[in-house]
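What follows is a short report on a single structure.
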Amino acid sequence: MEIDKAIRECDDGRLKTKYNNAIYVIKRALALYSVQEVALSFNGGKDSTVLLHLLRAGCFLHEAEENNLRGDAADGGKTFPIRTIYFESPSAFPEINSFTYEAAATYNIQMDIIRLDFKSGLEALLKANPIRAIFLGVRIGDPTAVGQEQFSPSSPGWPPFMRVNPILDWSYRDVWAFLLVCKVQYCSLYDQGYTSIGSIHDTVRNALLCIRNSDNSEEKFKPAYLLADGRLERAGRVKKNPSSVCGKLSSISNGGKMENLNSGSMLTASIISVGDEILFGTVEDKLGSMLCKKLHSIGWAVSRVAVTRNDIDSVAEEVERRKSTDDMVLIFGGIGPLHSDVTVAGVAKAFGVRMAPDEEFEEHLRHLIGEKCSGDKNEMALLPEGITELLHHEQLPVPLIKCHNVIILTATNVVELDRQWDCLIELAKSNGILVLMDPFVSKCFATTLSDVEVAQPLSKLCAQFPDLYIGGYRRSREGPVVITFEGKDLSRIEAASQSLCQKFHAGAFSEIE
């Protein structure tokens, strides 16, 4: 069989391992179910194409074993024996439809065309046929992959069948290595800069593959297999609300709603520091205050800075609270191979997913610490399953970890945090992982007036300028009162500060640089 022969003769040891594991799953499924009881869900995409050819090889090898034949026996050009389902949609790319029908003709596939939605189509299909298992091209990282195993029963409310996922643990790199090594045809859209194909309404070319001429007059795109970081394969999917990180766009200032003078909404972030050493007073947390300044510099309001114990449940509880109330959560501390490093596991628990091996992340770890990447260090490559995106930058030895609206920073000091933040901002400019807005501006005044004297005028200013943060604090109990004005509009800050000064005699307030 040409697929099996191509893999056996290639030099890619990782691909061989992935292939052998997938073939084992396929053979196991064919041992559990008859050919009449299984089906392939084919959609013309790259993952589905890989699965088609794995099934061709798997069926051949299974039949060869059944008949006690040699593994390199000829195909004989037989019809593909597994029932194949194609859900035809009016919103599919014409190229996807064309490729699907060409593949059916090329490989003698008897294809059932279904023009209903996926759930209704499955119900009708399973009612009319004795199908007990369906092969799916699901990979970890897909939105539907959360909680799935290589053999997973269908979800509650769906018609009963076994989902068989032979390429569940395959990466973007593995998919393209297989397609290129085996020299099989794939949809032409992947040569035009598309890396993940949905419908015509939610799919564009991946901007990371764009090549511009020197005069910027024409855009060209590299093929999908040249995407450097496979974690960014879905960067070509159109987001419904790109200006929102998680749809929660509110903030509190002066006890009321703060208006965003930049885009009509205020984005808020919370900062979580993980470490018993901070709670014990052994270490001073300098990173939290530094992150507050950096977030304000890109127009984000910080709603909370929290310190939590090195404990999975404590981390999970804090992350779960903050991820639903803030647009973004930045968390640091508790990252590494020590027994007390539990941050990543806590994030996984907050999202209700398990920890699973991530081969791409493990490769980065091996590059960093060599073959010592075993034991506890190897467990560092366990990441939240199905929700993890690796934020790779050439200045970072190991990518940052992003799980939906939670970003896990690995910095342990201000120098490392500075470098990671700069990389994060560069990534934000290229792929929009972080919304960059007008920075906050501020003015500070010092006065020797008593608290009682300034309290009532400040309260009136808060009502008069609800779009500003107006606060007061003392650097020492005997020292002067410091009045702060902060917001997005410098003219509003000037007006508020002038209004305050007009209520008192000249020289009552002095501006602090």
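If the condition is being open to solvent by less than 50 Å² (accessible area, probe 1.4 Å), modelled with pLDDT under 80 and within 30 Å of R321 (Cα to Cα), then the range 197-234 contributes only L232. Examine the range 152-162 for a residue that is of a type outside the set (S, T, N, Q), assigned to a helix (DSSP H, G or I) and in contact with a helix residue (DSSP H, G or I) (Cβ under 6 Å, 6 or more places away or on another chain), and state whether such a residue exists. No, the conditions are met nowhere in the range 152-162. What do you reckon, is Y107 among the aromatic types (F, W, Y) and farther than 20 Å from S152 by Cβ? So Y107 passes the test.
Take the conditions (1) modelled with pLDDT under 90; (2) under 21 Å from A133 (Cβ atoms); (3) within 32 Å of the chain's Cα centre (by Cα); (4) not aliphatic (A, V, I, L, M); Y86 misses just one of them, which is (1). In the range 128-148, what residues are closer than 14 Å to G45 by Cβ and free of Cβ contacts under 8 Å to residues at least 60 places away in the same chain? Residue satisfying the conditions is T144 alone. Look at I197 and say whether it is part of a loop (DSSP other than H, G, I, E, B) and either over 26 Å from V35 (Cα atoms) or of a type in the set (K, R) (or both). Yes, satisfied.
Any residue at all in the range 150-160 that's buried (at least 18 other Cβ atoms within 10 Å of the Cβ), modelled with pLDDT of 90 or more and within 25 Å of the chain's Cα centre (by Cα)? Yes, the range 150-160 contains at least one residue that is buried (at least 18 other Cβ atoms within 10 Å of the Cβ), modelled with pLDDT of 90 or more and within 25 Å of the chain's Cα centre (by Cα). Would you mind finding the one in I167, I140 that is assigned by the TED database to the domain that holds K27, at pLDDT below 85 and under 30 Å from R8 (Cβ atoms)? Of the residues listed, the single one that is assigned by the TED database to the domain that holds K27, at pLDDT below 85 and under 30 Å from R8 (Cβ atoms) is I140.
Whether any residue in the range 494-511 is under 40 Å from the mean Cα position of the chain (by Cα), touching a residue at least 40 places away in the same chain (Cβ under 8 Å) and farther than 20 Å from S289 by Cβ is what I want to check. The answer is no, given that none of the residues of the range 494-511 is under 40 Å from the mean Cα position of the chain (by Cα), touching a residue at least 40 places away in the same chain (Cβ under 8 Å) and farther than 20 Å from S289 by Cβ. Tell me, yes or no, whether the range 442-456 has at least one residue that is touching a residue at least 12 places away in the same chain (Cβ under 8 Å) and touching a Leu at 6+ places or on another chain (Cβ under 7 Å). Taking every residue of the range 442-456 in turn, none turns out to be touching a residue at least 12 places away in the same chain (Cβ under 8 Å) and touching a Leu at 6+ places or on another chain (Cβ under 7 Å).
Confirm whether T106 is within 20 Å of D4 (Cβ to Cβ) and among the hydroxyl-bearing types (S, T, Y). Spelling it out, T106 is indeed within 20 Å of D4 (Cβ to Cβ) and among the hydroxyl-bearing types (S, T, Y). Residues in the range 164-185 that are within 27 Å of the chain's Cα centre (by Cα) and open to solvent by 40 Å² or more (accessible area, probe 1.4 Å): D169, R173, L180. Residues of the range 484-513 that are assigned to a strand (DSSP E or B) and acidic (D, E): E486, E511. Whenever a residue of the range 91-114 is in the same structural domain as F42 (by the TED database) and within 15 Å of T79 (Cα to Cα), its partners that are exposed (fewer than 13 other Cβ atoms within 10 Å of the Cβ) and among the β-branched types (V, I, T), lying with C-beta atoms within less than 8 angstrom and at least six residues away or across chains, give the pairs N108/T79; I109/T79; Q110/T79. Can you work out which of the residues in the range 252-290 that are at pLDDT 50 or above and of a type in the set (S, T, Y) is farthest from S324 (Cα to Cα)? Result: T282.
Residues that are open to solvent by 40 Å² or more (accessible area, probe 1.4 Å) and more than 20 Å from I23 (Cβ to Cβ) within the range 120-149 comprise S120, E123, A124, K127, A128, P130, R132, P143, T144, V146, G147, listed in sequence order.
The values are calculated or read from the model by the stated rules, or taken from the named source; none is laboratory data. Computed from a predicted structure; not experimentally measured. Note: ideal-geometry Cβ built from the backbone for every residue, glycine included; neighbour counts use all protein chains shown. Please note that ligands, DNA and RNA were not included when accessible areas were found on the heavy atoms of the full protein model with its side chains. Shrake-Rupley method; radii C 1.70, N 1.55, O 1.52, S 1.80 Å.
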